[in-house]
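This report refers to the structure that appears directly beneath it.
The values are calculated or read from the model by the stated rules, or taken from the named source; none is laboratory data. None of the values given here were measured: they were computed from a predicted structure. Neighbour counts run over all protein chains shown; Cβ positions are idealised from the backbone, glycine included. Only protein heavy atoms, including side chains, enter the accessible area calculation; ligands, DNA and RNA are left aside. Shrake-Rupley method; radii C 1.70, N 1.55, O 1.52, S 1.80 Å.
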Amino acid sequence: GIIGQGGQGAVYRARDIKLSRNVALKIVRYPEDNLARAGLLQEARALAGLGVHPHIVPIYAWGELEDNCYFALEYAPASAADLLRKHPEGLGTERALSIARQCAEALAHAHDKGLLHLDIKPANILLNGDTAKLCDFGLAQHFADEGGTGGGTSGSPAYMSPEQMRGEPLDPASDMFSLGVTTYQLICGRLPFHGDTTA
């Protein structure tokens, strides 16, 4: 069954028949656009480069078939966004901080590896019981400790740091800002900022 769909492809719940387990299968079609393929490969390599961490969704496999490229990830039955839909008033402090703490540990690991996530939001936090795992490293960038990344305005505007929105150099503080916005929303059920325009 389909889990989610975007402009370049889709994510499916699939069955690994060899190992008898459910997986999330991210697929991109690229018959005329190798940028989509390159983006998926970049995300897969970012995940693989992070190694095993209890709060980052692991990648199982990468492959290509006909006009599709794909990778398989650990499957999780829910996300923090799903919880917010069920609890629009917020999850309460204890549950929200438990999720945030696990995400902070995942970000600390990614930052130690020189990688920024750059798209922290409830939809990119998967849940399996009480365990939270970061997913969707499609916008991830490597950074140098002394200078940050080159910036860029890709991402989810409601969660982006001011410097990310302005396309300025980025460092781990940008991810922590996004996690702060996400944590506020998990606790209160609403975003901390409102404005007349997206920016």
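Computed values, structure above
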{"item": "Count of region 179-198 residues which are open to solvent by 40 Å² or more (accessible area, probe 1.4 Å) and of a type in the set (Ser, Thr, Tyr)", "result": "3"}
{"item": "Qualifying residue in region 40-52 (condition: assigned to a loop (DSSP other than H, G, I, E, B) and either free of Cβ contacts under 8 Å to residues at least 60 places away in the same chain or closer than 23 Å to residue 143 by Cβ (or both))", "result": "yes"}
{"item": "Lone unmet requirement of (1) open to solvent by 20 Å² or more (accessible area, probe 1.4 Å); (2) of a type outside the set (A, V, I, L, M, F, W, C); (3) touching an Asp or Glu at 6+ places or on another chain (Cβ under 9 Å) for residue 142", "result": "(3)"}
{"item": "Region 27-81, residues that are more than 18 Å from the chain's Cα centre (by Cα) and hydroxyl-bearing (Ser, Thr, Tyr)", "result": "30"}
{"item": "Residue in region 160-178 that is part of a loop (DSSP other than H, G, I, E, B), over 29 Å from residue 71 (Cβ atoms), among the charged types (D, E, K, R) and open to solvent by 20 Å² or more (accessible area, probe 1.4 Å) present", "result": "yes"}
{"item": "Extreme residue, modelled with the lowest pLDDT, among residues of region 1-19 that are of a type outside the set (Lys, Arg) and not in a strand (DSSP E or B)", "result": "7"}
{"item": "Residue count for region 70-114, restricted to those that are under 14 Å from residue 52 (Cα atoms) and of a type in the set (D, E, K, R)", "result": "4"}
{"item": "Test: residue in region 80-92 that is open to solvent by 50 Å² or more (accessible area, probe 1.4 Å) and under 22 Å from residue 115 (Cβ atoms)", "result": "no"}
{"item": "Any hit, region 60-68, residues being more than 22 Å from residue 191 (Cβ to Cβ) and touching a helix residue (DSSP H, G or I) at 6+ places or on another chain (Cβ under 7 Å)", "result": "yes"}
{"item": "Residue ID - surrounded by the most Cβ atoms within 10 Å (Cβ to Cβ), chosen from residues in region 20-36 that are farther than 13 Å from residue 73 by Cα and modelled with pLDDT of 80 or more", "result": "28"}
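Conditions tested, residue by residue: (1) more than 30 Å from residue 191 (Cα to Cα); (2) open to solvent by less than 20 Å² (accessible area, probe 1.4 Å); (3) without any contact (Cβ under 8 Å) to a residue 60 or more places away in the chain.
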residue: 6; (1), (2), (3): no, no, yes
residue: 10; (1), (2), (3): no, yes, yes
residue: 17; (1), (2), (3): yes, no, yes
residue: 102; (1), (2), (3): no, yes, yes
